[in-house]
Amino acid sequence: MRYFRERFLAAVAVMAGFQLDVVTAEFEMALHGPYNYYSSSPILPRPWANQFTTWFANSAPILTTISTGVCNLTLRDYHAAMESPRGSPQALKMLSICNRHEACVYSQLAPSVQLNYQGASILLGLTPVILSTLGPTMAELALLSTHRPVLSLLISLGAPVYWVTRVFEFHDPRDAARGGRLIIRKKGPRIAILISIVQYVLAAMAAANFISTMVEIGRKTTLAWACTTAFAPLLWSTLAAFVNVIATASNLVIERASKPKDSQCNKTSRKDRQRCRGKLSCKCTSAPFRKTLRRLVASETTICANREVYYDSKKKGEEVPKLAMFLFVAAGCMSFFLFLFGTAIFAALQFVTFIDAFKRILVRLIASTIVCRLILLMELAGLRRTNDVAVK
């Protein structure tokens, strides 16, 4: 009898504890939902489209089945959070819901598939290193931006990863046109126009290919450290244009300091400036807007091989303004942090197989980088032709 009484009391205690756990679970569910959700900051941007709806080709069948099947509860909550008004309690839990659904899908994958994804993450983490090896240097692109800024902008969007140099080290952009053996001679007007058009078309296609790949990555994958940050790949690919602007400003300061000052235009008073406007012999008179715009367009579309530009190799190592050095070093630091940001993004991409990472991401990015690099090398070779003729 004593044995049965002890067993009965133990069963009652277990049932009481079970009832308490059920009540606690129901309270938590009423307070936080079916999972222990947490609220994120309302200032975090929302994805521009529903995630977990499209995947890369090799992962699509299995991920769609898991996402809409076993993990349909978290998927439903995610869509509800996307459709809810911004700032609502459901919308503030979007990051938590996204992480829950991501974990649910990943937990249903076979170990071999998980290893495939991990191998793809290693390959993608090396993407900035591979692209920087094939891409331009910051000094080369800054030199081209001085002569053809629009083409340089397209190249910076098609090949946003620069060759990583030592931080806090200055490289004179003019040195990019003083070395190298590849030389392109001056071309005829029709050939030069055709070459310029082909360059713009190829650079625009490379930029569009790179940007579209970044958008596709944001829609078809998630980041392990920021599940709802679908805009991060696109943001990373466009930040290189701002780095190029700073490096170009550095080269413009150098170019301006190296030009000889015209004594006729060294006028400080307002009366002298007004007097200068009325004289045709004074070189500091400003041209009309249409003529200035026509001159800028003609300069932009002229290939570097047909320019009269002179970078004397004997002047290598001349004094450089401190402002130019500061701007170039600042651009180098920004490029270094941009390189780290890209590595953090590519290494954290989820749900990408090794084949998809190589064929649908890496190959496309490499193709854009090589095209932009070839265009840049051609323009630098044209500047060397000019130097070669000037020295002779």
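Summary of values
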| quantity | calculated |
| --- | --- |
| Scope the stretch 97-133; condition surrounded by 18 or more Cβ atoms within 10 Å (Cβ to Cβ), assigned by TED's automatic domain parsing to the domain that holds LEU383 and more than 18 Å from ASP356 (Cα to Cα); matching residues | SER132 |
| Scope the stretch 97-111; condition part of a loop (DSSP other than H, G, I, E, B) and either under 29 Å from the mean Cα position of the chain (by Cα) or closer than 16 Å to LEU73 by Cβ (or both); matching residues | GLN108 |
| Top-ranked residue of the stretch 85-96 - restricted to ones that are in contact (Cβ under 8 Å) with a residue 24 or more places away in the chain and not in a loop (DSSP other than H, G, I, E, B), ranked as surrounded by the most Cβ atoms within 10 Å (Cβ to Cβ) | MET94 |
| Qualifying residue in the stretch 353-371 (condition: surrounded by fewer than 22 Cβ atoms within 10 Å (Cβ to Cβ), at pLDDT below 85 and not in a helix (DSSP H, G or I)) | no |
| Residues (in a loop (DSSP other than H, G, I, E, B), β-branched (Val, Ile, Thr) and buried (at least 21 other Cβ atoms within 10 Å of the Cβ)) located in the stretch 212-236 | THR221, THR222, THR228 |
| Criterion: outside any helix (DSSP H, G or I) and β-branched (Val, Ile, Thr) - qualifying residue of VAL164, VAL150 | VAL164 |
| Residue, nearest to PRO136 (Cα to Cα), within the stretch 152-177, restricted to residues that are surrounded by fewer than 22 Cβ atoms within 10 Å (Cβ to Cβ) and touching a Phe, Trp or Tyr at 6+ places or on another chain (Cβ under 6 Å) | VAL164 |
| For PRO136: the one exception among (1) closer than 30 Å to ARG256 by Cβ; (2) in a helix (DSSP H, G or I) | (2) |
| Residue within the stretch 140-148 that is within 24 Å of the chain's Cα centre (by Cα), at pLDDT 95 or above and of a type in the set (A, V, I, L, M) present | no |
| Unique match (being under 14 Å from LEU144 (Cα atoms) and surrounded by fewer than 17 Cβ atoms within 10 Å (Cβ to Cβ)) among ALA241, ALA249, ALA257 | ALA241 |
| Yes/no for SER212 being more than 24 Å from PHE337 (Cβ to Cβ) and modelled with pLDDT of 80 or more | yes |
| Pairs with Cβ under 9 Å, 6+ apart, first in the stretch 290-311 and surrounded by fewer than 17 Cβ atoms within 10 Å (Cβ to Cβ), second modelled with pLDDT under 85 and among the basic types (Lys, Arg) | SER299/ARG307 |
| Criterion violated by PRO61 - all others in (1) under 19 Å from ALA230 (Cα atoms); (2) outside the structural domain of ALA331 (by TED's automatic domain parsing); (3) part of a helix (DSSP H, G or I) satisfied | (1) |
| Residue match in the stretch 190-211 (condition: among the charged types (D, E, K, R) and crowded, with 18+ Cβ neighbours inside 10 Å) | no |
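The values are calculated or read from the model by the stated rules, or taken from the named source; none is laboratory data. Only a predicted model underlies this, so the values are computations on that prediction, with no experimental measurement involved. Because the Cβ atoms are built from the backbone with ideal geometry, glycine has one as well, and the counts that use them run over all protein chains shown.
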